[in-house]
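Student: Provided herewith is a single structure, encoded as structure tokens, for subsequent inquiry.
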Amino acid sequence: MISPCIVGWGHTRFGKHTERSIPSLIEEAVTEALSRAALSPEDIDAIFLGHFNGGFVGQDFSAPLVGLAIPALRTTPACRLENACATGSAAIWAARDSVASGRVRRALVVGVEKMTERTSTEAGEILLRCSFTEEERSTPGGFAGIFARFAQAYFERYGDQSDALAHIAAKNHANGCSNPYAHFQKDLGLAFCKTASERNPYVAGPLKRSDCSPVTDGAAALVIANEARPSASVPAISWLSATQVNDSFPMSTRDLTQFGAARLAWQKGLRDARITLDDLSLVETHDCFTIAELMQYEAMGLCAAGEAARVACDGSTHKEGRLPVNPSGGLKSKGHPIGATGVSMHVMAAMQLSHMAGGMQVAKASRAAVFNMGGSGVANYLSVLQPL
Ligand code: COA
């Protein structure tokens, strides 16, 4: 079987792009990705678009928007994938399969979302459709309310972890200052993140604004090919393993003090890659809310159940720590334009492994993992990556 690899990437700045259309965001990310791969649109055999939408914008059937953005791609087969907040990873997964099968030589993956045409409350309502609506539709606080339920369950078992969440928020905001693509490039500081205030109010349960990823617009793109491109301006990045594990949909059927399927994804992904967590240089993980990053420390095996607060507070996951987590600033400060997020996370890892991450660069980065989660911990994707 052919081993697919990343041979180019592109990324718009994430943020509030009021004046820009979805095709204009796509065009910027794709043009950059093709240029890095030293390919022209005619070299692309298939397009996989990650776009959640769900009502953020009026346009559905958005796969043809890539051909609208880059007219030379208008006859290239294109389809759209959706898997809640893991939409971008679902598009990557399909592209990898098409290349691995030999049917496609070079696939273009695009992730895009335009969320800011909606208010935060409307965005929360739209995102709640990614819960198991029969039981969870009326959760107060939008999707923050869903993750507040995880926080409440975890706090009930292990005690109040608000300070640990503030450490995660402060770390990711500090890291975001070095990321030119990030929505927020401002160091909020630990004291701000720790303290509820007019500028940092409670949003849902124990989660404050500083515990939430923002409502963001943006696009990211990858070229995935069946071989390294000798003329590319970036090294090829390959997968040591690619894993997806799903969990039971209703939260009522699960132990909310842990992400069970995320743990399985990590165990399988590391086993398939024939490595341990200690062999990783960095992790880009799905901190849609700080409680998610906290609980993912346990899922990835950084510590035992109930001990994640120690890891959050002792600097282990800082850029110079034992295992840097979210050196890009994560979803928390980079932003979380739903369909673009999984693609963006892979771009960030590829930049690190190419030693082209600028101020975000983790010293001697040689192997990275990307963990992208959809819904309330339901769709779990793990990529373990290293240069070819
Ligand atoms: N973190 C830090 N600061 C934030 C922020 C966030 N998540 N969201 C907004 N801000 C800042 C804004 O930049 C603005 O600052 P300024 O006054 O200096 O310009 C200020 O807070 C007010 O912004 P506003 O957009 O009015 O805030 P809001 O209260 O309407 O929205 C949230 C804040 C947290 C409710 C919103 O970002 C949200 O809904 N996030 C969750 C999105 C989500 O569910 N994603 C899916 C995850 S699975």
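Throughout, read-outs are computed from the coordinates displayed, never taken from laboratory work. Small disclaimer: the values here were computed from a predicted structure and weren't measured. Cβ atoms come from the backbone with ideal geometry, glycine included; neighbour counts cover every protein chain shown.
Student: Which members of the range 1-12 meet the condition of being buried (at least 19 other Cβ atoms within 10 Å of the Cβ) and not polar (S, T, N, Q)?
Tutor: Answer for the range 1-12, where residues must be buried (at least 19 other Cβ atoms within 10 Å of the Cβ) and not polar (S, T, N, Q): 4, 5, 6, 7, 8, 9, 10, 11.
For every residue, the table says whether it meets (1) farther than 27 Å from residue 375 by Cα; (2) polar (S, T, N, Q).
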position: 13; (1), (2): no, no
position: 16; (1), (2): no, no
position: 21; (1), (2): no, yes
position: 32; (1), (2): yes, no
position: 35; (1), (2): yes, yes
position: 40; (1), (2): yes, yes
position: 52; (1), (2): no, no
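Student: Which of the following residues is away from the ligand (no atom under 16 Å from the Cβ) and closer than 28 Å to residue 176 by Cα: 47, 92, 70?
Tutor: 92
Student: Another one. So which strands (runs of 3 or more DSSP E) stay within the range 141-255 end to end and still have 1 or more residues that are aliphatic (A, V, I, L, M) and more than 16 Å from the ligand (Cβ to nearest atom)?
Tutor: It comes to 217-225, 237-246.
Student: Working only within the range 48-64, note down all residues that are touching a residue at least 24 places away in the same chain (Cβ under 8 Å) and either in contact with a Lys or Arg (Cβ under 9 Å, 6 or more places away or on another chain) or on the phi > 0 side of the Ramachandran plot (or both).
Tutor: Listed by number, the residues that qualify are 48, 49, 50, 51, 53, 54, 55, 56, 57, 62.
Student: Let me ask you something else. Restricting attention to helices (runs of 4 or more DSSP H) lying wholly within the range 285-379, give those where 2 or more residues are within 16 Å of the ligand (Cβ to nearest atom).
Tutor: 290-300, 330-334, 338-353
Student: Touching a residue at least 40 places away in the same chain (Cβ under 8 Å) and within 16 Å of the ligand (Cβ to nearest atom), is that true of residue 120?
Tutor: yes
Student: Also, I was wondering about something else. With respect to residue 136, is the statement that it is in contact with a helix residue (DSSP H, G or I) (Cβ under 7 Å, 6 or more places away or on another chain), surrounded by fewer than 22 Cβ atoms within 10 Å (Cβ to Cβ) and charged (D, E, K, R) true?
Tutor: yes
Student: Additional query: If we only count helices (runs of 4 or more DSSP H) wholly inside the range 7-125, which ones have 1 or more residues that are among the charged types (D, E, K, R)?
Tutor: Counting at least 1 such residues, we get 22-37, 87-100.
Student: Of the residues that make up the range 160-172, is at least one farther than 19 Å from residue 307 by Cα and touching a residue at least 60 places away in the same chain (Cβ under 8 Å)?
Tutor: For the range 160-172, residues farther than 19 Å from residue 307 by Cα and touching a residue at least 60 places away in the same chain (Cβ under 8 Å): present.
Student: Mind checking which pairs have a first residue in the range 15-41 that is acidic (Asp, Glu) and a second that is part of a helix (DSSP H, G or I), Cβ under 8 Å, 6 or more apart or different chains?
Tutor: 27/69
Student: For the list (1) away from the ligand (no atom under 13 Å from the Cβ); (2) over 17 Å from residue 296 (Cα atoms), I need the number of the one condition that residue 130 fails.
Tutor: Unmet for residue 130, out of (1) away from the ligand (no atom under 13 Å from the Cβ); (2) over 17 Å from residue 296 (Cα atoms): (1).
Student: I would also like to ask the following. Take the conditions touching a Cys at 6+ places or on another chain (Cβ under 7 Å) and either surrounded by fewer than 22 Cβ atoms within 10 Å (Cβ to Cβ) or not hydroxyl-bearing (Ser, Thr, Tyr) (or both) and apply them to residue 79. Does it pass?
Tutor: For residue 79, the condition - touching a Cys at 6+ places or on another chain (Cβ under 7 Å) and either surrounded by fewer than 22 Cβ atoms within 10 Å (Cβ to Cβ) or not hydroxyl-bearing (Ser, Thr, Tyr) (or both) - is not met.
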